[in-house]
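Here the structure is laid out as structure tokens; the discussion comes afterwards.
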Amino acid sequence: MEDFNWGFFLELLVSGVLIGLMYSLIALGFVLIYKSTDAINFAQGEFVMIAGIIVGASAASYGLPLWLAISLSVAFMVLFNVGLERTVLRPMIGRPIVAIIMATIGLAALLRGAGPFFFGAETRPLNLPIDDAPIIIGDHFIYLNPIHLLGAAAAVIFLLGFGWFFLKSRKGVAMRAVADSHQVSMAMGINVQRYFALAWVMAGVVAALGGVIWGSLLGVDTQLAIIGLKVFPVVILGGLDSIVGVIVGGIIVGVVENLAAGYLDPMVGGGTKDFTPYVLMILMLMFKPYGLFGKPIIERI
Amino acid sequence: MFHRESGYYKTTYKGDMAFYPLPVGRWSVALVGFIFLVVIPLFLDPYYLSILCLISIAVVGALGLNILLGYTGQISIGHAAFMSVGAYTAANLITKLDWPFWLAVPSGGIMAAAVGVLVGIPSLRIKGLYLAIATLAAQFIIEWVINHTPAISGGVQASIEVPRPVVFGEAMNTEIELYYFLMAFAVIAIVATMNLVRSRVGRAFIAIRDQDIAAEIIGINVFRYKLYAFAISSFYAGVAGVLYTYYLSIANYEQFLIVVSIDYLAMVIIGGLGSVLGSVFGAIFITLLPIVIRIFMDSFGAFFFDPVILAQVTAQFRLILFGALIMFFLVVEPEGLNRLWLNIRNYFRIWPFSY
């Protein structure tokens with residue numbers, strides 16, 4: 001066997017970590033909603049897609065400046081999610097979890113149709129004003145994509161921000177109380193429904209940011225929604241209601257799929273990238289279903 | 001108006017346990033049977049018969065999912081993957097070993113049931129969201145395995161051509177023959193499900209759905225019955241997969257992608273969770289939806305959209321309507337089309353003296 005190529009390994013590892021952090025950003029929206037409203041959002045990837053499409057359409061096709069396009073997309077996501085919470089999710093509070101899962105699956109289908117229906121189905125570029133020449137580090141020639149770096153940095157900032165928000169700020173504490181028990185927090189004078197809306201709004205904003213970053217990496221079209229499928233391994237590995245878990249889970253998924261793509265793909269003929277995170281997730285579900293940092297649920301009648 | 005219960009006394013256990021205790025119920029079932037088995041095949045165009053063939057297949061699959069989701073309360077987003085297991089098992093047996101349909105159909109179902117049990121094993125510890133994600137993972141993993149194993153998928157295209165089924169020495173080549181062939185399976189599936197859900201097993205399923213811890217305390221082996229539910233549901237899915245393969249005369253994994261799983265979920269939800277009739281309604285509704293939209297778009301779409309992108313717009317429009325309908329039914333009418341039908345029936349039961 002030839003010498004182990006450390007440079008190749010390191011490159012896979014580092015870019016895996018960066019991509020993993022970008023997954024964490026998407027998964028964060030999911031966790032935010034689950035943490036405070038107990039609702040499961042299967043449409044997180046579609047949120048990302050629709051936000052990306054709005055940025056792409058307004059910047060590339062209507063020639064708006066980037067900052068305006070991004071604010072437009074964020075504003076849309078906020079309004080859309082407030083409306084969504086009002087019309088669909090609020091009436092479903094207290095219904096079985098399967099019903100909420102199905103509602104968001106329906107929402108996902110709707111958004112996947114609505115995105116290209118209103119904005120056109122073509123793939124648009126989404127160019128961030130940064131130099132996309134690869135950055136080369138060290139004598140092993142590790143190539144880093146600057147967009148990966150930017151995405152990972154944005155993810156870390158957002159994750160830290162939300163960590164602070166939940167631990168220290170008054171609203172964040174209220175939100176954790178809501179997550180713990182709707183009834184008790186109502187009795188303590190917390191406006192539960194407003195916090196539900198706030199959670200969806202925050203998830204929408206995070207999705208918009210994710211849409212910009214992933215859109216600049218992959219181009220903007222309906223395929224962007226596939227990112228949403230990475231959310232599940234990330235949150236299951238990390239634990240559904242933990243922000244630390246999201247970071248760790250994201251990094252694990254990013255590294256594992258990058259290594260699989262680097263080492264296993266040549267052996268079995270491709271496709272392992274989409275598949276290994278799910279195998280990992282199944283193992284996790286069998287042995288430790290609440291994830292690395294999740295809170296076990298004790299059930300009573 | 002005709003559906004009067006009064007005056008009929010159930011004097012035997014047999015009479016009490018009948019599916020349709022009232023003569024009017026029996027007559028209407030007989031009438032529906034007569035229309036579907038005699039009138040429709042005689043007078044309908046082959047194109048409409050082919051739609052009915054698709055509906056028959058969908059009925060089998062939807063009943064399977066309803067047993068799992070509607071009666072046992074276990075969600076599965078991998079229904080289409082189980083269908084593909086059945087389809088490829090049967091396709092290999094038919095082409096390589098030359099098995100007849102009456103062996104190939106059940107063996108496809110049994111193989112799917114075995115895989116279903118394997119996927120269902122984690123359901124002891126996990127439920128709700130976790131189960132949804134586990135079955136989603138199963139969908140991707142099964143898809144990948146089939147696609148990357150030439151021994152199963154039959155080479156590069158991942159598709160196997162299958163001859164039409166031969167019944168009593170006669171190949172089912174025309175639409176009418178296929179219609180009878182598939183309809184027979186749909187009828188068997190409907191009767192089997194109606195009997196299943198009122199048996200001991202079915203009642204255990206319902207107890208688990210309503211409160212699984214309570215079910216365990218009253219002596220139901222929850223794990224075993226959850227696995228039964230997965231096995232039975234996957235068996236139906238596998239059979240539906242085999243039938244679809246026979247119908248298309250080709251087994252191809254692209255017919256069993258995740259969107260198909262979601263179609264089946266939509267059938268069960270829009271039709272009515274935990275109801276046999278609802279599954280049938282849902283199967284009809286979801287199968288007809290794209291066809292109706294396409295006919296509508298073909299006739300009126302050109303007024304609104306560029307003809308070049310019309311096909312694309314039709315597909316997008318279908319997705320929008322589909323998603324909106326799922327959400328609408330979940331929020332407004334969680335019991336689905338079945339509830340609407342019951343409301344209509346109950347209204348006319350005492351009509352015109354509504355009080």
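The values are calculated or read from the model by the stated rules, or taken from the named source; none is laboratory data. As the structure is a prediction and not an experimental result, all values here were calculated from the model. With ideal geometry, Cβ positions are generated from the backbone for all residues, glycine too; neighbour counts draw on all protein chains shown. Remember, those area values only see protein heavy atoms, side chains included, never the ligands or the DNA or RNA. Shrake-Rupley method; radii C 1.70, N 1.55, O 1.52, S 1.80 Å.
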- Scan segment B:196-212 residue by residue and report those that are surrounded by fewer than 12 Cβ atoms within 10 Å (Cβ to Cβ) and either farther than 16 Å from residue B:128 by Cα or of a type in the set (A, V, I, L, M, F, W, C) (or both). B:199, B:200
- May I ask you to list pairs of residues, at least six apart or on different chains, whose Cβ atoms are under 6 Å apart, with the first in segment B:88-103 being over 14 Å from residue B:161 (Cα atoms) and touching a residue at least 12 places away in the same chain (Cβ under 8 Å) and the second being open to solvent by less than 40 Å² (accessible area, probe 1.4 Å) and not in a helix (DSSP H, G or I)? B:101/B:165
- Query: In segment A:230-245, what residues are more than 12 Å from the chain's Cα centre (by Cα), assigned to a helix (DSSP H, G or I) and within 10 Å of chain B (Cβ to nearest Cβ)?
  - Reply: A:236
- residue B:240 fails exactly one of (1) in contact (Cβ under 8 Å) with a residue 24 or more places away in the chain; (2) open to solvent by 30 Å² or more (accessible area, probe 1.4 Å), namely (2)
- Query: Taking only pairs six or more apart or across chains, which ones have beta-carbon atoms under 8 Å, a first residue in segment A:254-280 that is modelled with pLDDT under 75, and a second residue that is outside any helix (DSSP H, G or I) and surrounded by fewer than 20 Cβ atoms within 10 Å (Cβ to Cβ)?
  - Reply: A:265/A:271
- Got a sec? Which of A:195, A:278 is more than 16 Å from residue A:158 (Cβ to Cβ) and either touching a Cys at 6+ places or on another chain (Cβ under 8 Å) or within 14 Å of another protein chain (Cβ to nearest Cβ) (or both)? A:278
- Those helices (runs of 4 or more DSSP H) completely within segment B:169-277 that have 1 or more residues that are within 14 Å of another protein chain (Cβ to nearest Cβ) and charged (D, E, K, R) are B:200-210, B:212-217, B:258-271
- Message: Tell me yes or no: at least one residue of segment B:332-340 is facing chain A (nearest Cβ under 8 Å) and either surrounded by fewer than 18 Cβ atoms within 10 Å (Cβ to Cβ) or assigned to a helix (DSSP H, G or I) (or both).
- Response: yes
- Message: I need every pair where a residue in segment B:28-50 that is touching a residue at least 12 places away in the same chain (Cβ under 8 Å) has its Cβ under 7 Å from the Cβ of a residue that is of a type in the set (Val, Ile, Thr), sequence separation at least 6 or different chains.
- Response: B:41/B:176; B:49/B:176
- Unique residue being within 20 Å of residue A:154 (Cα to Cα) and among the hydrophobic types (A, V, I, L, M, F, W, C) when the list is A:84, A:21: A:21
- Query: In segment B:297-351, which residues are within 20 Å of residue A:99 (Cβ to Cβ) and touching a residue at least 60 places away in the same chain (Cβ under 8 Å)?
  - Reply: B:326, B:329, B:330, B:334, B:335, B:336, B:337, B:338, B:339
- Being assigned to a helix (DSSP H, G or I) and either over 19 Å from residue A:225 (Cα atoms) or open to solvent by 40 Å² or more (accessible area, probe 1.4 Å) (or both) is the filter here, so list the residues in segment A:59-73 that pass it. A:59, A:60, A:61, A:66, A:67, A:68, A:69, A:70, A:71, A:72
- Quick check, is residue A:77 out of contact with any strand residue (DSSP E or B) (no Cβ under 8 Å at 6 or more places or on another chain), among the hydrophobic types (A, V, I, L, M, F, W, C) and more than 8 Å from chain B (Cβ to nearest Cβ)? yes
- Message: Looking only at segment B:321-331, how many residues end up being within 7 Å of chain A (Cβ to nearest Cβ) and surrounded by fewer than 20 Cβ atoms within 10 Å (Cβ to Cβ)?
- Response: 2
- Message: I'm checking my understanding of the structure. Among residues of segment B:297-310 that are modelled with pLDDT of 75 or more and more than 17 Å from residue A:118 (Cβ to Cβ), which one is nearest to the other protein chains (Cβ to nearest Cβ)?
- Response: B:300
- Message: Looking only at residues that are more than 12 Å from chain B (Cβ to nearest Cβ) and farther than 19 Å from residue A:204 by Cβ in segment A:95-127, which one is most open to solvent (accessible area, probe 1.4 Å)?
- Response: A:127
- Message: Being free of Cβ contacts under 8 Å to residues at least 40 places away in the same chain and of a type in the set (Phe, Trp, Tyr) narrows it down to one residue among B:228, B:253, B:247; which is it?
- Response: B:228
- Among the residues of segment B:324-331, is any closer than 16 Å to residue A:117 by Cβ and in a helix (DSSP H, G or I)? yes
- Query: Based on what the data block shows, is residue A:115 in a helix (DSSP H, G or I), in contact with a helix residue (DSSP H, G or I) (Cβ under 7 Å, 6 or more places away or on another chain) and without any contact (Cβ under 8 Å) to a residue 12 or more places away in the chain?
  - Reply: no
- Elements of type helices (runs of 4 or more DSSP H) in segment B:64-152, at least 2 residues being open to solvent by 10 Å² or more (accessible area, probe 1.4 Å) and within 13 Å of another protein chain (Cβ to nearest Cβ): B:101-120, B:129-148
- Pick out the one residue from A:209, A:229 that is open to solvent by 10 Å² or more (accessible area, probe 1.4 Å) and at pLDDT 85 or above. A:209
